[in-house]
Amino acid sequence: MTGKKLENLRILSIDDDVFMLEFITTILNQLGVNQVETLDNATRALAFIKEHGEAIDVILCDLLMTEMDGIEFMDALNQNGIRRSRRNPQRC
């Protein structure tokens, strides 16, 4: 991610609180980040990452969610073999 401009970052934000998703998106847009994908639960996020993982630079995840919390989400990423790329450690 070295040298990558904010407007080129692709961010996935995961939170079961719709207000927080909107708030985070607004803040990121004000900072110049234009590519923000939001999902309201970790199960949907796992499916999205499996399909679009290479298109994500940063994942923002709530730790306290009802269906699957943030720690369980990180564990599920690991169990599904979804890890940061060795060539580009900031990538999924």
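Just so it is clear, none of the values below were taken in a lab; they were calculated from the coordinates. Here the structure is a predicted model, which means the values were calculated and not measured. Because the Cβ atoms are built from the backbone with ideal geometry, glycine has one as well, and the counts that use them run over all protein chains shown.
Each residue in the range 36-52 was checked for being surrounded by 18 or more Cβ atoms within 10 Å (Cβ to Cβ) and assigned to a helix (DSSP H, G or I), and 4 pass. Filtering the range 53-67 to residues that are touching an Asp or Glu at 6+ places or on another chain (Cβ under 9 Å) and not charged (D, E, K, R) leaves Ala55, Ile56, Leu60, Cys61, Leu63, Leu64, Met65, Thr66. Quickly run through the range 1-35 and pick out the residues that are assigned to a helix (DSSP H, G or I) and either under 18 Å from Asp75 (Cβ atoms) or of a type in the set (A, V, I, L, M) (or both). Result: Leu6, Val18, Met20, Leu21, Ile24, Ile27, Leu28.
Of everything listed in (1) surrounded by fewer than 14 Cβ atoms within 10 Å (Cβ to Cβ); (2) in a loop (DSSP other than H, G, I, E, B), the single unmet condition for Met68 is (1). Confirm whether Leu21 is out of contact with any Leu (no Cβ under 6 Å at 6 or more places or on another chain) and buried (at least 17 other Cβ atoms within 10 Å of the Cβ). For Leu21, the condition - out of contact with any Leu (no Cβ under 6 Å at 6 or more places or on another chain) and buried (at least 17 other Cβ atoms within 10 Å of the Cβ) - is met.
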